[in-house]
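The values are calculated or read from the model by the stated rules, or taken from the named source; none is laboratory data. All values derive from a computational prediction rather than experimental measurement. A quick note on method: Cβ atoms are made from the backbone with ideal geometry, for glycine too, and the neighbour counts reach across all protein chains shown.
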Amino acid sequence: METLNAGNYAPLMVEAKGLVKVFRDFWRRPKVRAVDGIDFNVGSGEIVGLLGPNGSGKSTTIKMLLGLLFPSEGSVRVLGESPQRVTARQQIGYLPEVSELYLFLTPRETLDFYGRLFDLKPKTRRSRIEQLLEMVGLTHAADRQVGEFSMGMKRRVGLAQALVNDPQLLVLDEPTAGLDPPACRQVKDTMLAMVRRGKSIVLSSHLLADVESVCDRLVILYNGRIRAQGSVKELLTQSDRLSVTMPALPPEKMKSLLQTLRDHIGEEPQVEHPSLDLERFFLNVIEDAGDSQLTGAGHHEGIARYLDGTQ
Amino acid sequence: MVALNQLITLTRLTAVEAIRQPIFLLVTNACIVLTAVMPMVLLHQFGEEGKLARDSGLAFHFLFGLFYASYAACSSLAREIGSGTASAVLSKPVSRSEFLVSKFLGLALVIVAFSTCACVSTLMSERVAERLAVTSNAAGYVIDWQTGWLLVCAPFAAMGVAGLLNYYGRRPFVSTAFLVLIVLLLFVFGVSGWFDRSGNFSSFDLQVQWRIIPASILVTLALVVLCAIALSLSARLGTVATLLCCFGIFVLGLLSDYWFGGTDGRSAISALLYTLIPNWQHFWRADALAAGGLIPWSYVGRAFVYAGTYSAAVLILGILSFRTVDIR
C-alpha cells in the first residue's frame, strides 16, 4: 500500500508505518485483525479524515496513535515521539467515540479535572474553562452533573475537554455523532478555526458529508486496510467533466448557448439550478427563526475568544 | 511536582467516585446498624456481653470491609476501562503507573473513612452492651438503650438529611449521606458521654474501651492489603474473576498458619506460600482484647510496615501487568 504523504505539510505530526493490530482472546490466540498494515502521515496544519464503515479499524488506529493500544506490528510516532511516552501526549487533545466522562462531575469540574492533569496554572485553567464553556454553549449548564445531560451536550463537554490543553494535535473520533445540525456545524467551524491556528487534526467518521466539508486529505479504510487515499480534491474531482455556474439567462439566450455547447461537445449538456446542501438550508431556516444560540452566534464569539491567543 | 499534582487530582477523583457509589453507603449503613443492634439482642451472656459486642463489631468491620474493598477495587478499574473514562484519562499525559497508584490511594482513603465509621460504631456498641449497674437501692444488668438507639438511627437520620439537601440544594445523595453520617456518628459519640447507662444526665464520661482502636486499625490494614490485591488483579482480570481470586486469597490467608505455617518438616513450597500469601491472622487480634488485654502499639506499627510493604509489592506487580494492557 502506497504511503499517504503529508504533501507540503511539515513537520510530521503523526507518522504511522506498517501498523497492524491483532486482538487476541484469553489464551492469546488471534481473534480479530482489526488493522492490517496501514501507513499514513499527518502534517502540521492539516485535517486528515479516517473514513470507513463501522469495524473498519478507524477507532483502533486512533487508539494506537494515543498509546492506548499497542501495535502488534509496525510503528507509530506522534509529534516525533512514541505515543507511549507521557511527554508525547502533552500536546494531544482527544475526543473519544462516545462521551467518556465522569457522570457525577459537572462540566466545570470535568474541565478543571483535565486542566489539572495538564498542570495548567490556576489562573489559566479558570479562564480557559470559562472560554471553552462559552465556546461549546454550555455556560448555562456548567454546574449541572454531566449524567443529566443529553448525548449532544455530553459531546460538547467532550469537545471542550479535548481542547483544554490547547493541543497541537487534535484527535476526534466520530466528533459529530449524536449532534444536531447546528452543533455539527459548530464542531466543524471549531476544527477549521483550529487549523487556521496551525493545529493538526485527525478525524475519524463514517459521516461522509462531515469529512468532505472539512478534511484536506482522506484515508479510506475497510477491513483494517487502506482502500483509497489522497486529497479530497484529488479523490472527488472528475477531471474530464466541467460544471459552470452563472446567472439565469432569458429563454432565447439560453437556447442559443445550449446550441453552441451542443455543437462543441457533441452531446446534450446538463443544465440545472444549483441547490443548497441540506445542512446549509437547515441552518438558514434556524437563523431566520432568530435563535442565535442554536445557530452558533455565541459559539463563533466563543471560538474567537478561545482562539485569539489570550487563553 | 507535576506528577504529584496529577496523583492528587486522580486520587481525589477516585475517592469522590467511590463514595458516590450507592453500594458504599449500603455497606456502611448495614455495618453500623448490625453493629448497633447486636448488643441490644445479646442478653444474659454471663458477663461476656461486652466482649461479644466488641467481637461482633470488629467482625462486621472486617467482613463488610473485605467485601467493599475487593468489590470497589476491582469494579473501579473495570468500570473506568469499560466506560471509557480510563482511555480519556490515559490519553492525557498521565502514566499508567500513576493511574493505578492513584486508584489505590483513593480507595485506601475511602476504606479509612469506612473504617472510621465502623470503629466509632464498635466503640459505642461495646458501651451499649449489658452491664451490671448498681444504684443506692437496686442492682441489675442494664443495657444502654439510649446510645444504642442513637447509633441505630444515625444512618437513617443521615439519609434523611441527605435527602433534604438533595431536594433543596441538588447535593448528590449518596456522598452527602456518607459525609453527614460521619459527622452524626461523631456527634452521637460525643453526646452519649453526657448520659449514664440508665439514660440520666451525668458528668461527661464517654465510658468507652479505647483499646478497641488498635484492633480496628489492624482490620483497616487488612482491608487496604486486600484492596491492593484486588486492584492489581483487576488490571488483567474481569470483575467476577477478580472477586473469585480475592475470595480464594482470603481463605488461604485465613488458614495460612494451619496449612503452611508449621515449622516441622515444612516443605520449601509451603514456606514460599506462607511468605507470599497475606496472613490475615496478623490483622485479627480481637482475642487479645479479652479479659482486659491490650494490643501494643509496637505491634500495630509492625503490622503497618507489613501491610505497607505487601501492598507496595502487590501494586508493583499490578503496575507491571497494567503497563502492557490494551485500553479499548
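Just so you know, in the stretch B:313-328 the residues that are of a type outside the set (A, V, I, L, M), more than 12 Å from B:VAL101 (Cα to Cα) and touching a residue at least 60 places away in the same chain (Cβ under 8 Å) include one that is nearest to the other protein chains (Cβ to nearest Cβ), and it is B:ARG328. The C-beta contact set for the stretch A:160-176 (first residue away from chain B (no Cβ under 13 Å) and within 21 Å of A:VAL146 (Cβ to Cβ), second residue basic (Lys, Arg) and not in a loop (DSSP other than H, G, I, E, B), distance under 9 angstrom, 6+ apart or interchain) comprises A:PRO175/A:ARG155; A:PRO175/A:LYS188; A:THR176/A:ARG155; A:THR176/A:LYS188.
Scoring B:LEU237 on the criteria (1) among the aliphatic types (A, V, I, L, M); (2) surrounded by 18 or more Cβ atoms within 10 Å (Cβ to Cβ); (3) part of a helix (DSSP H, G or I) leaves a single failure, condition (3).
Of all the residues in the stretch A:80-98, those that are more than 8 Å from chain B (Cβ to nearest Cβ) and either at pLDDT 95 or above or surrounded by 24 or more Cβ atoms within 10 Å (Cβ to Cβ) (or both) number 2. For the residues B:SER87, B:SER76, B:SER97, the requirement of being within 14 Å of chain A (Cβ to nearest Cβ), of a type in the set (S, T, N, Q) and in contact with a Pro (Cβ under 7 Å, 6 or more places away or on another chain) singles out B:SER87. Quick check, is A:GLY115 more than 8 Å from chain B (Cβ to nearest Cβ), crowded, with 22+ Cβ neighbours inside 10 Å and not in a loop (DSSP other than H, G, I, E, B)? Considered against the rule, which asks whether it is more than 8 Å from chain B (Cβ to nearest Cβ), crowded, with 22+ Cβ neighbours inside 10 Å and not in a loop (DSSP other than H, G, I, E, B), A:GLY115 comes out as yes. Counting only residues that are crowded, with 20+ Cβ neighbours inside 10 Å and part of a helix (DSSP H, G or I), the stretch B:82-95 holds 5 of them. Tell me, please, whether a residue that is part of a helix (DSSP H, G or I), under 21 Å from the mean Cα position of the chain (by Cα), more than 21 Å from B:THR116 (Cβ to Cβ) and modelled with pLDDT of 90 or more can be found in the stretch B:314-324. Yes, because at least one residue in the stretch B:314-324 is part of a helix (DSSP H, G or I), under 21 Å from the mean Cα position of the chain (by Cα), more than 21 Å from B:THR116 (Cβ to Cβ) and modelled with pLDDT of 90 or more. The one condition from (1) touching a residue at least 24 places away in the same chain (Cβ under 8 Å); (2) surrounded by 15 or more Cβ atoms within 10 Å (Cβ to Cβ) that B:TYR274 does not meet is (1).
The listed residues are A:ARG77, A:ARG128, and the only one of them that is more than 7 Å from chain B (Cβ to nearest Cβ), modelled with pLDDT of 90 or more and part of a helix (DSSP H, G or I) turns out to be A:ARG128.
Flag not set for A:LEU221, criterion: free of Cβ contacts under 8 Å to residues at least 12 places away in the same chain and either surrounded by 11 or more Cβ atoms within 10 Å (Cβ to Cβ) or in contact with a strand residue (DSSP E or B) (Cβ under 7 Å, 6 or more places away or on another chain) (or both).
Quick check: is even one residue across the stretch B:48-71 modelled with pLDDT under 85 and within 18 Å of B:ALA228 (Cβ to Cβ)? No, the stretch B:48-71 contains no residue that is modelled with pLDDT under 85 and within 18 Å of B:ALA228 (Cβ to Cβ).
In the list A:GLY178, A:GLY147, A:GLY137, A:GLY152, which residue meets the criterion of being of a type in the set (Gly, Ala, Ser), in contact with an Asp or Glu (Cβ under 7 Å, 6 or more places away or on another chain) and within 27 Å of B:GLU17 (Cα to Cα)? It is A:GLY152. B:VAL305 meets each of the listed conditions (1) within 17 Å of B:ILE229 (Cα to Cα); (2) out of contact with any Leu (no Cβ under 9 Å at 6 or more places or on another chain); (3) assigned to a loop (DSSP other than H, G, I, E, B) apart from (3).
Residue-level analysis places B:ALA271 outside the set of residues that are within 21 Å of the chain's Cα centre (by Cα), among the small types (Gly, Ala, Ser), farther than 30 Å from A:ASP173 by Cβ and outside any loop (DSSP other than H, G, I, E, B).
Each row is one residue, and each column tells you yes or no for (1) buried (at least 24 other Cβ atoms within 10 Å of the Cβ); (2) in a strand (DSSP E or B).
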| position | (1), (2) |
| --- | --- |
| A:ALA34 | no, yes |
| A:PHE40 | yes, yes |
| A:GLY45 | no, no |
| A:GLY49 | yes, yes |
| A:ASN54 | no, no |
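A quick yes/no check of all residues on (1) assigned to a helix (DSSP H, G or I); (2) under 19 Å from B:LYS92 (Cβ atoms); (3) in contact with a strand residue (DSSP E or B) (Cβ under 9 Å, 6 or more places away or on another chain):
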site	(1), (2), (3)
A:LEU111	yes, yes, no
A:THR124	yes, yes, no
A:LYS154	yes, yes, no
A:LEU159	yes, yes, yes
A:PRO167	no, yes, yes
A:ASP189	yes, no, no
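Take the conditions surrounded by fewer than 23 Cβ atoms within 10 Å (Cβ to Cβ), of a type outside the set (S, T, N, Q) and over 30 Å from B:ALA288 (Cβ atoms) and apply them to B:VAL112. Does it pass? Taking the combined requirement at face value, the residue does not satisfy it.
Scanning the stretch A:132-145 for residues that are assigned to a helix (DSSP H, G or I) and surrounded by fewer than 21 Cβ atoms within 10 Å (Cβ to Cβ), we see that the one that is nearest to the chain's Cα centre (by Cα) is A:GLU134. A:ARG156 fulfils the conditions (1) touching a Phe, Trp or Tyr at 6+ places or on another chain (Cβ under 6 Å); (2) buried (at least 20 other Cβ atoms within 10 Å of the Cβ); (3) away from every other protein chain (no Cβ under 13 Å) except for a single criterion, (1).
With respect to the conditions (1) hydrophobic (A, V, I, L, M, F, W, C); (2) over 18 Å from the mean Cα position of the chain (by Cα); (3) buried (at least 23 other Cβ atoms within 10 Å of the Cβ), B:ALA69 falls short on a single one, namely (2). Within the stretch B:240-271, the residues that satisfy the criterion of being surrounded by 11 or more Cβ atoms within 10 Å (Cβ to Cβ), at pLDDT 85 or above and either farther than 16 Å from B:LEU226 by Cβ or among the aromatic types (Phe, Trp, Tyr) (or both) are B:PHE247, B:PHE250.
Look at (1) hydrophobic (A, V, I, L, M, F, W, C); (2) within 10 Å of another protein chain (Cβ to nearest Cβ); (3) closer than 24 Å to A:VAL164 by Cα; (4) surrounded by fewer than 23 Cβ atoms within 10 Å (Cβ to Cβ) and you find that A:LEU12 fails only one, number (2). Of the candidates B:ARG12, B:ARG54, B:ARG79, the single residue that is among the basic types (Lys, Arg), touching a Gly at 6+ places or on another chain (Cβ under 9 Å) and either at negative phi or surrounded by fewer than 23 Cβ atoms within 10 Å (Cβ to Cβ) (or both) is B:ARG12.
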